[in-house]
Amino acid sequence: MIHPSAFIHERALADESVSIGARSRVWQFASVIRGTVLGEDCTVASSATLDGPVFGDRCIISQGVAMGPGFLIGDDVFIGPNVTVCNDRWPRTYKTGFDLKKFQSGYITVRIHNWVSIGANAVILPGVVLGKRVMIAAGAVVDRNVPADRLYTREGKMLPLSEKHETRYARARMREALKC
């Protein structure tokens, strides 16, 4: 179901199987297909391909993002340009062992918690969980879980978020506190 207040650009594709929340926007040349769920107030930039992931509210999905089924994304998540999230550990041209119906029925391979920011050209590999308020550096390849409040560098190091990073999350913390 596409909410009446959602905006779908005339040159975007949003098929009948998707759910798009109130005030969300899907821009030109984006594809939102095969059961994708977008919460409220999300933005899908041009040329993004969403083929079955589930998003919370207020997410920003930048240009050229590629995401298939098997991904659960929280609220207030920023996904930078050309980010790829992978759901198949051993991709081949033949599909033995890859069960699309399993993914479409709720099987999760990557979990991204609230207030995560993923930099441009990052790759998130299958099986990864990103905790709350994680920042992923541009160009990083994330091959393991990242606990809350960490910066994952391009070199694969996990550092605590510094004071300068903390100010970026002040509004998110206030929202969380107000929910209690």
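The values are calculated or read from the model by the stated rules, or taken from the named source; none is laboratory data. Computed from a predicted model, the values in this text were never measured in an experiment. No Cβ is skipped: glycine too gets one built from the backbone with ideal geometry, and neighbour counts run over all protein chains shown. For accessibility, only protein heavy atoms count, side chains too; no ligands or nucleic acids. Shrake-Rupley method; radii C 1.70, N 1.55, O 1.52, S 1.80 Å.
Numerical summary
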read-out: List S24, S19, ordered by accessible area with a 1.4 Å probe, largest first; value: S19, S24
read-out: Heavy-atom SASA rank of C86, C42 (probe 1.4 Å, accessible area, largest first); value: C86, C42
read-out: Ranked order, K157, K132, K101 - accessible area, probe 1.4 Å, largest first; value: K101, K157, K132
read-out: Against the rule of thumb 2.2 N^0.38 Å, how large the Cα Rg of the stretch 1-76 comes out; value: 0.91
read-out: For V141, net neighbour charge (Lys/Arg +1, Asp/Glu -1) across residues whose Cβ lies under 13 Å away; value: +1
read-out: Radius of gyration and Dmax over the Cα atoms of the stretch 126-166, both given in Å; value: 9.6, 31
read-out: Qualifying trypsin sites (Lys or Arg not before Pro) for the stretch 5-70 [loop in DSSP, other Cβ within 10 Å: at most 14]; value: R11
read-out: Rounded accessible area per residue of the stretch 1-81, 1.4 Å, Å²; value: 41
